[in-house]
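Have a look at the structure below, then the notes.
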Amino acid sequence: MKVLVVSAHPSSTSFVGSLREMALNQLQQLGHEVRHHDLYQESFSPVFTPYERLHHVGNIDEKLEHLPELVPYVHNLQWCDALVLVYPTWWGAQPAILKGWIDRVFMNEVAWVLPEGEARIRPLLTNVRRLVVLTTHGSGKFLNSVQGESGKRIALRSIRAMFHSRVRTHWIGIYKLDTSSPAQRERKIKNASRRLHRLFD
């Protein structure tokens, strides 16, 4: 399977950094072809520019000629069979850098198209048949549920709609990280590793 891993955390020594390394190692050991974007390490700009707004709908080749920094992200998204997102949940959703990646890369003629005369968009990333989210939460699941888990809706409803109609989605949420002991954190990583192994074995 061709797997694209997109991670977002400013510190490589964080718990999310450990999750990312676990996921990359697990997928490679299982024999999958893996590509990885670390958005912070690559200094990805999350800013949706005036040019992108003015050319929101338009010829994709012309857009990418003006936005060459987005070309590898677009190509890898169109290449993969599975997308794995690894990030911390901040303020109920994705970090700004990852949300900006979604804003900028899931563009017209890449992720979707609106056929002339129709009122509903048609997804274009039908190559993606599996979406996995590995994310951390400082608080517990109950509090996150009360807050609405907007990040979960963005991942499992909004961007999921751009993929194959039978895409399989999996949410691996790690809760109560702020109050977890080192031993508990180690168990959380092992549990996430087991779940990831079952999904890609």
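The values are calculated or read from the model by the stated rules, or taken from the named source; none is laboratory data. Nothing here was measured: the structure is a model prediction, and the numbers come from that model. Don't worry about glycine lacking a Cβ; one is built from the backbone with ideal geometry, like all the others, and counts go over all protein chains shown.
Just the residues that are within 14 Å of residue 194 (Cα to Cα) and assigned to a loop (DSSP other than H, G, I, E, B), please, taken from segment 13-54.
Hit for segment 13-54 is 30, nothing else.
I need every pair where a residue in segment 29-51 that is free of Cβ contacts under 8 Å to residues at least 24 places away in the same chain has its Cβ under 8 Å from the Cβ of a residue that is surrounded by fewer than 16 Cβ atoms within 10 Å (Cβ to Cβ), sequence separation at least 6 or different chains.
Once the first residue is free of Cβ contacts under 8 Å to residues at least 24 places away in the same chain and sits in segment 29-51, its partners that are surrounded by fewer than 16 Cβ atoms within 10 Å (Cβ to Cβ) give 51/66.
Looking only at segment 99-139, which residues are of a type in the set (Gly, Ala, Ser) and either touching a helix residue (DSSP H, G or I) at 6+ places or on another chain (Cβ under 9 Å) or loosely packed, with under 14 Cβ neighbours inside 10 Å (or both)? Spell out the reasoning first.
Within segment 99-139, the first condition is being of a type in the set (Gly, Ala, Ser), and the residues that meet it are 100, 111, 117, 119, 138-139.
Answer for segment 99-139, where residues must be of a type in the set (Gly, Ala, Ser) and either touching a helix residue (DSSP H, G or I) at 6+ places or on another chain (Cβ under 9 Å) or loosely packed, with under 14 Cβ neighbours inside 10 Å (or both): 111, 117, 119, 138, 139.
Answer yes or no: is there a residue in segment 50-63 that is farther than 27 Å from residue 113 by Cα and out of contact with any helix residue (DSSP H, G or I) (no Cβ under 7 Å at 6 or more places or on another chain).
The first filter runs over segment 50-63 and keeps only residues farther than 27 Å from residue 113 by Cα, leaving none.
No: segment 50-63 contains no residue that is farther than 27 Å from residue 113 by Cα and out of contact with any helix residue (DSSP H, G or I) (no Cβ under 7 Å at 6 or more places or on another chain).
Given the criterion basic (Lys, Arg) and either in contact with a Ser or Thr (Cβ under 7 Å, 6 or more places away or on another chain) or part of a helix (DSSP H, G or I) (or both), identify the matching residue among 160, 166.
Working: 166 fails: either in contact with a Ser or Thr (Cβ under 7 Å, 6 or more places away or on another chain) or part of a helix (DSSP H, G or I) (or both).
Being basic (Lys, Arg) and either in contact with a Ser or Thr (Cβ under 7 Å, 6 or more places away or on another chain) or part of a helix (DSSP H, G or I) (or both) holds for just one of 160, 166, which is 160.
Among what's in segment 80-98 and is assigned to a helix (DSSP H, G or I) and crowded, with 18+ Cβ neighbours inside 10 Å, pick the residue that is nearest to the chain's Cα centre (by Cα).
Keep residues of segment 80-98 that are assigned to a helix (DSSP H, G or I), which gives 96-98.
Then keep just the ones that are crowded, with 18+ Cβ neighbours inside 10 Å; that gives 97-98.
Values: 97: 11, 98: 7 Å.
Looking at residues that are assigned to a helix (DSSP H, G or I) and crowded, with 18+ Cβ neighbours inside 10 Å, I get 98.
Would you pick out the residues in segment 52-81 that are touching a Lys or Arg at 6+ places or on another chain (Cβ under 6 Å) and without any contact (Cβ under 8 Å) to a residue 24 or more places away in the chain?
55
Going by the structure shown, is residue 5 under 22 Å from residue 161 (Cβ atoms) and either in contact (Cβ under 8 Å) with a residue 12 or more places away in the chain or among the aliphatic types (A, V, I, L, M) (or both)?
yes
Please state which one of 156, 196 is within 19 Å of residue 18 (Cβ to Cβ) and of a type in the set (A, V, I, L, M). Reasoning before the result, please.
Working: 156 fails: within 19 Å of residue 18 (Cβ to Cβ).
Exactly one residue qualifies, and that residue is 196.
Go through (1) of a type outside the set (Phe, Trp, Tyr); (2) assigned to a helix (DSSP H, G or I); (3) more than 30 Å from residue 59 (Cβ to Cβ) and name the single condition residue 102 misses.
All conditions are met except number (3).
Step by step: first the residues of segment 170-193, then only those that are part of a helix (DSSP H, G or I), touching a Ser or Thr at 6+ places or on another chain (Cβ under 8 Å) and modelled with pLDDT of 90 or more, then the one that is farthest from residue 22 (Cα to Cα). Which residue is that?
In the first step, residues of segment 170-193 are kept if they are part of a helix (DSSP H, G or I); the result is 177-179, 182-193.
Imposing the further condition that a residue be touching a Ser or Thr at 6+ places or on another chain (Cβ under 8 Å) reduces the set to 177-178, 188-189.
This time we only want the ones that are modelled with pLDDT of 90 or more, so: 188-189.
Details: 188: 12, 189: 8 Å.
Per the stated criteria, the residue is 188.
May I ask you to say which residue of 77, 67 is within 17 Å of the chain's Cα centre (by Cα) and not aromatic (Phe, Trp, Tyr)?
Going through 77, 67 in turn, the sole match is 77.
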